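Encoded as structure tokens, the structure appears first; notes follow it.
The values are calculated or read from the model by the stated rules, or taken from the named source; none is laboratory data. Not measured: the values here are computed from a predicted model. A quick note on method: Cβ atoms are made from the backbone with ideal geometry, for glycine too, and the neighbour counts reach across all protein chains shown. Areas reflect the complete protein model, heavy atoms only, side chains present, ligands, DNA and RNA absent. Shrake-Rupley method; radii C 1.70, N 1.55, O 1.52, S 1.80 Å.
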Amino acid sequence: MQNFKAVTYDRHGPPSEVLQVREMSVAAPQPGQVLIRMRTAPINPVDLNVIEGKYPVRPPLPAVGGVEGVGEIAAVGAEVADWRIGDRVLVPHEFGSWRERGVASAAGLIAVPSGLSIEQAAMLKINPPTAWRMLHDFVELKSGDWILQNAGNSAVGRAVIQIARACGWRTVNVVRRAELVEELLGEGGDVVLLDEENLPKQVAEATGRAEIRLAFNAVGGDSAVRLANALAPGGTLVTYGAMGRQPLKIPNGLLIFKDLRWRGFWITEWYRTATQESVKTMFNELLPLVANGLLHAKVEKSYAIADALAGVEHAQRSRRSGKILLTFE
């Protein structure tokens with residue numbers, strides 16, 4: 001048995017009230033398992049929603065926080081042939097990544113190539129795949145096509161900008177703060193607009209009245225309606241978040257006269273139903289983008305696990321300049 005630290009909770013509620021850093025123990029890996037030594041894990045909004053009990057997936061309590069991160073294999077059980085001690089891997093969703101050590105099934109682990117930034121790899125399993133799947137699974141895009149999105153400054157929004165640019169597509173990115181316009185233009189956004197009542201007109205003018213067939217909504221409410229009004233007839237609006245905490249409003253006219261498609265996407269469900277080959281194929285596309293610097297996420301600060309609660313508090317602040325990470329010795 002090995003002792004290690006983990007960030008745990010035994011009831012749902014505000015993270016500041018229910019989280020604690022405690023000592024735990026882990027046994028040697030059984031056949032088909034590996035022991036993983038964690039290196040880095042981000043603190044994502046989804047992690048906080050799970051802890052609060054506001055997420056559809058609730059791990060059995062007591063639970064360890066965190067749904068993604070990078071670790072190194074520290075030991076392998078019998079019948080494990082594909083992994084070696086020292087290999088770096090993306091941990092499974094159900095692993096609970098805010099811990100120093102943990103045992104996981106060897107099947108389905110994603111290898112992290114040597115030389116790849118551990119920080120960037122740690123943030124690779126949720127937001128970039130969300131962007132990748134939405135860009136590839138709903139509308140067949142051609143070179144030069146436009147994609148429209150609100151929450152352009154979010155982690156998924158920035159990944160959409162970077163992946164679209166690498167694939168030869170153009171983006172219209174909608175934000176709610178004027179100071180973000182130049183920032184996102186500097187990061188590769190082709191057009192950045194404020195989320196205002198005349199948004200559809202601004203989109204048409206900025207794109208030369210291009211036919212936009214795909215939009216991503218992470219806000220809801222009136223913002224989603226403005227995106228829908230800017231879409232071409234037969235276009236598709238994909239909702240993957242609800243930052244504005246307002247329900248979708250689907251005007252009858254947009255269905256009758258524009259025949260729009262209203263779809264939803266959840267990366268957790270995609271992983272649940274995807275084949276291992278599909279997952280591997282996706283990461284074979286994403287990992288080179290990270291290695292070449294075409295796909296990256298900003299980091300504002302890293303915290304050691306002993307200071308994890310301070311890191312969680314920092315992650316809940318508004319207007320951060322990047323992700324908050326936990327690091328492990």
**Request:** Spot the failing condition for ALA155; the list is (1) closer than 24 Å to ALA242 by Cβ; (2) out of contact with any Pro (no Cβ under 9 Å at 6 or more places or on another chain); (3) of a type outside the set (S, T, N, Q), and only one is missed.
**Result:** (2)
**Prompt:** When you look at ALA28, is it open to solvent by 60 Å² or more (accessible area, probe 1.4 Å), among the hydrophobic types (A, V, I, L, M, F, W, C) and without any contact (Cβ under 8 Å) to a residue 12 or more places away in the chain, yes or no?
**Reply:** no
**Message:** With the structure loaded, tell me whether SER105 is within 14 Å of ILE73 (Cα to Cα) and of a type outside the set (Asp, Glu) or whether it fails that test.
**Reply:** yes
**Asked** Going by the conditions given, is GLU68 among the acidic types (Asp, Glu), within 23 Å of ARG272 (Cβ to Cβ), touching a residue at least 40 places away in the same chain (Cβ under 8 Å) and touching a strand residue (DSSP E or B) at 6+ places or on another chain (Cβ under 7 Å)?
**Response** yes
**Complete:** Filtering the range 40-66 for residues that are exposed (fewer than 14 other Cβ atoms within 10 Å of the Cβ) and small (Gly, Ala, Ser) leaves a count of 1
**Item:** Residues of the range 302-316 classified as over 15 Å from ALA122 (Cβ atoms), of a type in the set (A, V, I, L, M, F, W, C) and surrounded by 15 or more Cβ atoms within 10 Å (Cβ to Cβ), total
**Value:** 2
**Prompt:** What are the residue pairs meeting all of these: first residue in the range 241-265, first residue more than 16 Å from SER223 (Cβ to Cβ), second residue surrounded by fewer than 13 Cβ atoms within 10 Å (Cβ to Cβ), Cβ atoms under 7 Å, and 6 or more apart or on different chains?
**Reply:** LYS258/PRO233; ASP259/PRO233; ASP259/GLY234
**Asked** Could you count how many residues in the range 13-40 are among the hydroxyl-bearing types (Ser, Thr, Tyr), modelled with pLDDT under 95 and part of a strand (DSSP E or B)?
**Response** 1
**Item:** Of all residues in the range 287-297 being assigned to a loop (DSSP other than H, G, I, E, B) and in contact (Cβ under 8 Å) with a residue 60 or more places away in the chain, the one that is least open to solvent (accessible area, probe 1.4 Å)
**Value:** LEU295
**Fill in**
Per the filter on the range 79-97, residues modelled with pLDDT of 95 or more and more than 24 Å from the chain's Cα centre (by Cα) are TRP83, ARG84, ILE85, GLY86
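Here's the yes/no breakdown for (1) surrounded by 17 or more Cβ atoms within 10 Å (Cβ to Cβ); (2) outside any loop (DSSP other than H, G, I, E, B):
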site: GLU68; (1), (2): yes, no
site: ALA78; (1), (2): no, no
site: ALA81; (1), (2): no, no
site: GLY86; (1), (2): no, no
site: VAL89; (1), (2): yes, yes
site: GLU94; (1), (2): no, yes
site: SER97; (1), (2): yes, no
site: GLY108; (1), (2): no, no
**Asked** Within the range 275-285, is even one residue of a type in the set (Val, Ile, Thr) and open to solvent by 40 Å² or more (accessible area, probe 1.4 Å)?
**Response** yes
**Candidates TRP83, TRP98, filtered to the one that is in contact with a helix residue (DSSP H, G or I) (Cβ under 8 Å, 6 or more places away or on another chain) and not polar (S, T, N, Q)** = TRP98
**Request:** Looking for whichever is out of contact with any Leu (no Cβ under 9 Å at 6 or more places or on another chain) and within 30 Å of TYR9 (Cβ to Cβ) here; the options are GLY253, GLY322, GLY293. Which one fits?
**Result:** GLY322
**Prompt:** Does the range 2-17 include one or more residues that are in contact (Cβ under 8 Å) with a residue 40 or more places away in the chain, small (Gly, Ala, Ser) and open to solvent by 30 Å² or more (accessible area, probe 1.4 Å)?
**Reply:** yes
